[in-house]
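The values are calculated or read from the model by the stated rules, or taken from the named source; none is laboratory data. Please read these numbers as outputs of a predicted model, since none were measured by experiment. Here the Cβ is made from the backbone with ideal geometry for all residues, glycine too, and neighbour counts use every protein chain on show. Accessible surface areas use protein heavy atoms only, side chains included; no ligands, DNA or RNA. Shrake-Rupley method; radii C 1.70, N 1.55, O 1.52, S 1.80 Å.
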Amino acid sequence: MELGANFAARLEPFLLMSKSAKGAAAAKLIQDATAAPGVFVFAELLDMPNIQELSTNKQYEPYFSLLQLFSYRTYRYYLENKDSFPPLNSAQTTKLKYLSIVSLASERRILPYSLLLEELQMPTIRELEDLIIDAIYLDILRGKFDQKEQQLEIEYTMGRDLEPGQLEKVLAALQNWASTTASVLEALDTKLVEAAEHRRSVRTEIELHEELCTANLKEVQERLKESKQSSRKTGPYPGGGGAGDSMDVDDPPAEGNVKIRNRGRGLSEVAAKQQRKRNRL
């Protein structure tokens, strides 16, 4: 369920009473509405004719300003312009601090404790955290504490009423956001088309490469087949001859014959030496 979804319903009784309330009664109605539990939006009450009449009455103009304060301004604004408003009671002060956190969260997601302590004039961090916890339970905001970094991380907040003239700024910001988003989407569409074309191109190249590889492989296989068939038809290498056509080669002498010849040569040399000795004698 969206935060603040039932806040408008809680304002309904005050809208009904404002139709008949004038002057002091209308001023009292504003005091009651700004202090009432669970009432955090006031734009519809601010637009009621009897309430608008207070802005032109010097006596009750501060009450009309009070309703504007709770619609779209902050606690710091109240402190800086106290003389323009009736005094706030405890319930009004606490509610205005809740709404001030919402306004701060609209400007930044991370709210340092130091900023909150200054803007809300809280004396201690403990009291600040208690205030934020109460705001979370009241469905004014969602967030979590980062006590190590001393900050509040905002996840979501209720919406506050828009100050006069702010609607045009919001619309301009939304139009700028829509234009930027459209440009980003157009760029993404272009990239997707380019990616699809590149994918098709790569797929085509892969298919052509596979076809070429298949053709080359087939050609190589055919050539190998033709080569084998040709070698079978031509027979042995020309001039090769059989076993009978081999060249004659002298067999090496047997090892035993070499020894016998050498032994005989040695005996004849010994006999010749003995004969030469006899002749000398």
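Being touching a helix residue (DSSP H, G or I) at 6+ places or on another chain (Cβ under 9 Å) and either within 21 Å of LEU115 (Cβ to Cβ) or outside the structural domain of LEU116 (by the TED database) (or both) is the filter here; which residues of segment 53-83 pass it? Result: LEU69, TYR72, ARG73, THR74, TYR75, ARG76, TYR77, TYR78, ASN81. Summed over segment 113-135, residues that are without any contact (Cβ under 8 Å) to a residue 40 or more places away in the chain and open to solvent by less than 50 Å² (accessible area, probe 1.4 Å) total 10. For segment 141-171, residues that are over 20 Å from ALA43 (Cβ atoms) and either at pLDDT below 85 or open to solvent by 70 Å² or more (accessible area, probe 1.4 Å) (or both) total 8. Is segment 14-21 home to any residue that is within 30 Å of GLY143 (Cα to Cα) and open to solvent by less than 30 Å² (accessible area, probe 1.4 Å)? Within segment 14-21, not a single residue is within 30 Å of GLY143 (Cα to Cα) and open to solvent by less than 30 Å² (accessible area, probe 1.4 Å).
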